[in-house]
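Student: Next up is a structure, given as structure tokens.
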Amino acid sequence: MRTALLQSSGRPGSTVENLKVLDETAGRAAAAGAALLVAPEMFLTGYAIGDD
């Protein structure tokens with residue numbers, strides 16, 4: 001199984017924008033032959049810990 005990894009923290013509070021990034025990345029990963037895309041925990045909500 002070919003996998004792809006998304007390395008991004010997402011924007012805090014921008015669920016719609018983060019979902020768009022995830023959708024576009026999933027499309028590119030699938031086109032490259034990946035059957036699984038792994039994204040960071042809490043990517044959709046852009047959850048961030050600590051100072052910006």
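The values are calculated or read from the model by the stated rules, or taken from the named source; none is laboratory data. Quick caveat: nothing in here was measured; it's all calculated off a predicted structure. Backbone-built Cβ (ideal geometry, glycine too); neighbour counts: all protein chains shown. Side chains are part of the model used for accessible areas, which takes the heavy atoms of the whole protein and leaves out ligands, DNA and RNA. Shrake-Rupley method; radii C 1.70, N 1.55, O 1.52, S 1.80 Å.
Student: With θ set to phi - 60°, apply the Karplus curve 6.51 cos²θ - 1.76 cosθ + 1.60 along the range 14-30 and write out the HN-Hα couplings as whole Hz, x wherever there is a Gly or Pro.
Tutor: Running phi through 6.51 cos²θ - 1.76 cosθ + 1.60 with θ = phi - 60° gives 10, 4, 4, 5, 5, 5, 5, 4, 5, 5, 5, 5, 4, x, 5, 5, 5 Hz.
Student: Further question: Taking all protein chains in place and a 1.4 Å probe, what share, in percent, of the accessible surface of the chain do carbon and sulfur account for? Provide the component values of the computation, followed by the final result.
Tutor: Values: 2250 of 4090 Å².
C and S fraction of accessible area: 55 percent.
Student: Given H placed 1.01 Å from N in the peptide plane, which residues other than close sequence neighbours of ALA4 have an amide H under 5 Å from its amide H?
Tutor: Here LEU36, LEU37, VAL38 satisfy the definition.
Student: Nearest 0.05, what FRET efficiency do ASP23 and TYR47 give at R0 = 25 Å with Cβ-Cβ as r? Before the final figure, lay out each step's value.
Tutor: Values: r = 19 Å, r/R0 = 0.76.
E(calc), rounded to 0.05, equals 0.85.
Student: Related question: Provide, in order from the shortest bin, the percent of all Cα-Cα pairs of the chain in each 5 Å bin, continuing until the bin that contains the maximum pair distance.
Tutor: Pair shares across the bins are 5, 23, 27, 20, 14, 7, 3, 1.
Student: Now a separate question. Normalised by the number of residues in the chain, what is the relative contact order in percent for Cα pairs under 8 Å and 6+ residues apart?
Tutor: The normalised contact order for the chain reaches 58 percent.
Student: Put a dot 7 Å past each Cα toward the Cβ at VAL38 and VAL16; how far apart are the dots in nm?
Tutor: Between VAL16 and VAL38, the simple spin-label model gives 3.2 nm.
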